[in-house]
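The structure appears below as structure tokens.
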Amino acid sequence: MSRQLEQALEERAKKRRDSEYAAAHGGLVDAVSRAGGILQGMSVRWDGVSVLLTLRARFPAGGMVAFVGGEELGPALAKAMTEARTDALNWRVDKYAKN
């Protein structure tokens, strides 16, 4: 493998790690607040093969929930942050939220 290819792979891995770190350390909270919500909680479901994140947030309209899937927790967190920043999360009414 050429050094250029190794360097490109290293840069992609660093960018991914930085994104995962940012999501876990306040970035996801900031991204949801950018959309007008306050992140209330998050749950993780892992079935041995994939991860499903359930995000719960309070919006002016009430409690909402969004789902993000991935193969591993870190990339799923980064994906959730990216989707929240770009308003790509599909928020639904949380029928279990206490209004």
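Farther than 14 Å from residue 29 by Cα, in a loop (DSSP other than H, G, I, E, B), among the small types (Gly, Ala, Ser) and in contact (Cβ under 8 Å) with a residue 24 or more places away in the chain: which single residue out of 76, 97, 88 fits that description? Quick ask: steps written out before the conclusion?
Working: 76 fails: in a loop (DSSP other than H, G, I, E, B); 88 fails: in contact (Cβ under 8 Å) with a residue 24 or more places away in the chain.
It is 97.
Evaluated against (1) at pLDDT below 95; (2) touching a helix residue (DSSP H, G or I) at 6+ places or on another chain (Cβ under 6 Å); (3) in a strand (DSSP E or B), residue 81 falls short on exactly one condition, (3).
Within region 47-58, track down each residue that is hydrophobic (A, V, I, L, M, F, W, C) and loosely packed, with under 11 Cβ neighbours inside 10 Å.
49
When region 59-73 is filtered for residues that are under 15 Å from residue 27 (Cβ atoms) and either exposed (fewer than 12 other Cβ atoms within 10 Å of the Cβ) or in contact with a Lys or Arg (Cβ under 8 Å, 6 or more places away or on another chain) (or both), only 68 remains. Yes or no: region 54-71 includes at least one residue that is out of contact with any Ser or Thr (no Cβ under 8 Å at 6 or more places or on another chain) and of a type in the set (Asp, Glu). No; the residues of region 54-71 include none that is out of contact with any Ser or Thr (no Cβ under 8 Å at 6 or more places or on another chain) and of a type in the set (Asp, Glu).
Which one of 37, 27, 70 is touching a helix residue (DSSP H, G or I) at 6+ places or on another chain (Cβ under 6 Å) and modelled with pLDDT of 90 or more? Every option except 70 fails the conditions. Within region 1-46, being of a type in the set (S, T, N, Q), more than 18 Å from residue 65 (Cα to Cα) and surrounded by 13 or more Cβ atoms within 10 Å (Cβ to Cβ) holds for one residue alone: 19. Here residue 45 meets the list (1) basic (Lys, Arg); (2) under 16 Å from residue 76 (Cβ atoms); (3) in contact with a helix residue (DSSP H, G or I) (Cβ under 9 Å, 6 or more places away or on another chain) almost entirely, failing just condition (3).
The values are calculated or read from the model by the stated rules, or taken from the named source; none is laboratory data. Quick caveat: nothing in here was measured; it's all calculated off a predicted structure. Neighbour counts are summed over all protein chains in view; Cβ atoms, including those assigned to glycine, are modelled from backbone coordinates with ideal geometry.
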